[in-house]
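See structure below.
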Amino acid sequence: MDTYPPPPLVPRDLPRDHPLITMDYSLFTPPIQRMVESLAGWIDDRVNGAVIYGPSRFGKSSAVNHWLQSLLADRYGGYVPLVIWSHTAESVNQSVGTFYMHLLEASRHPLARAARGVPARLEMLVQRWTQLAAQGGGRFMVLVIDEAQSMTDREWQWLVQLHSRLEQEHVRLCVFSVASVQFFDEPIGLALSGGAHVAARFMLATERFRGVCGLDELAFVMSGYDHATEWPPGSGQSFTAGIAPHAWAEGFRMESHAPALLQAMLNELPSRYQSPHEFPMQTIAMSCRHVLLRIAGGADWRDVTRPQSMRSIVAGCGHKTLMALVSAVAPRLSKGRNPG
């Protein structure tokens, strides 16, 4: 019989710095692999700019911040000159000097916040990026703008000027924007507002960031808890083995419960759902976290993973509301230029 009130989800004896509690971890997923392959193709072709777009909470930022640098380095066999700038609406740049300062910070320049005039900051940025390009063994570098939907028209104009300035130094800058679905229409909007040269330079190529599709992909992601994670560092124990040792000894593996989680996510889709059956990492990660913490707190893993229990867990993650938002932008997703 269930107790009331229910016990806290996080067991008292679990270290508070465990990644499952802090949610400071990232699992490798097939959508991340597809994203990196698209970016690598654009790098190979030395395109000026391109856009990765997709619904919120599908894992785009995690892919950029946790995986992009290392996966590109693996693909190219070494260092790739890459700067990742996470743009936020709250930090919209009011001046070109502030714009350069943020790019210097993203480039880890030690004097990014030093008092400098606009020309000096521009030269610092050009020198820094020329240096990064040289370290990569070529005359090009990559700028990835995460949350690019909050970029203003003025910032795009300043980026065009910076792009042209680097061309004078014979450095080719590839600008890749990672943005939410509404950004899909941005090239047309910029063109109509007089920024056609911005769209033509940075937004001609696009690719959709997809969610986790089907049972095989979901099982692959969930297997990360069993085999591709480790805590404490150097222990050799995965999240599943470490947080649920008794269940692990009995043969419990998160990967084995992918069918139950998939069915729960399908059952919790909103009525008249009109988008592909691709699922966000937010739902998957929150659901798996809930399952593991319940087991760590003493619940029987067989009870936690029952179909009705899994559906309740998925519902508690706000899955239906999130997928309703995805369905609302389905027409934009279906008109993607690059079929996949």
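The values are calculated or read from the model by the stated rules, or taken from the named source; none is laboratory data. Being a predicted model, the structure only gives us computed values, none of them experimental. For neighbour counting, all protein chains shown are included, and Cβ atoms are generated from backbone atoms with ideal geometry for every residue, glycine included. The protein model used for the area step is the full one, side chains on, heavy atoms only, and it has no ligands, DNA or RNA in it. Shrake-Rupley method; radii C 1.70, N 1.55, O 1.52, S 1.80 Å.
Points worth noting:
- Our analysis of segment 61-124 gives Rg over Rh at 1.06, with the two radii drawn from alpha carbon positions and Rh computed by the Kirkwood formula.
- Between 0 and 90°, nearest 10: helix 96-106 axis offset from the chain longest Cα axis: 50 degrees
- Principal semi-axes in Å for segment 8-158 [√(5λ), Cα gyration tensor, largest first]: 29, 22, 16
- Beta bridges by DSSP in the chain, antiparallel share as percent, to the nearest 5: 10 percent
- The distance from the alpha carbon centre of segment 287-319 to that of segment 130-154 is 42 Å, rounded to a whole number.
- Rg and Dmax over the alpha-carbon atoms of segment 210-265 stand at 12.2, 36 Å.
- Close amide-amide hydrogen proximity is noted between VAL51 and SER177, ALA205, THR206, GLU207, each under 5 Å apart and 5 or more residues distant or on a separate chain (H modeled in the peptide plane; Pro and chain starts excluded).
- A DSSP coil position with no more than 12 other Cβ atoms inside 10 Å describes the following GluC sites (Glu not before Pro) in segment 217-250: GLU250.
- For segment 187-309, the carbon plus sulfur part of the accessible surface works out to 54%, probe radius 1.4 Å.
- Part-to-part distance (alpha-carbon centres) for segment 9-54 and segment 218-247, which is given in Å: 18 Å
- Average accessible area per residue (Å²) across the chain - probe 1.4 Å, nucleic acids and ligands excluded: 47 Å²
- Using only the C-alpha atoms, the convex hull of segment 12-93 corresponds to 158 Å³ per residue.
- Across the chain, Cα pairs under 8 Å and at least six residues apart give a relative contact order of 22 percent.
- From the C-alpha gyration tensor of segment 195-340, square roots of 5λ in Å: 34, 20, 12
- When the solvent-accessible area of segment 113-165 is split by element, carbon and sulfur atoms take up 50 percent of it, the probe being 1.4 Å.
- When shorter helices are ignored and each DSSP H run of at least 4 residues is given -39500 (n - 2.57), the per-residue value for the chain at 222 nm works out to -14500 deg cm²/dmol.
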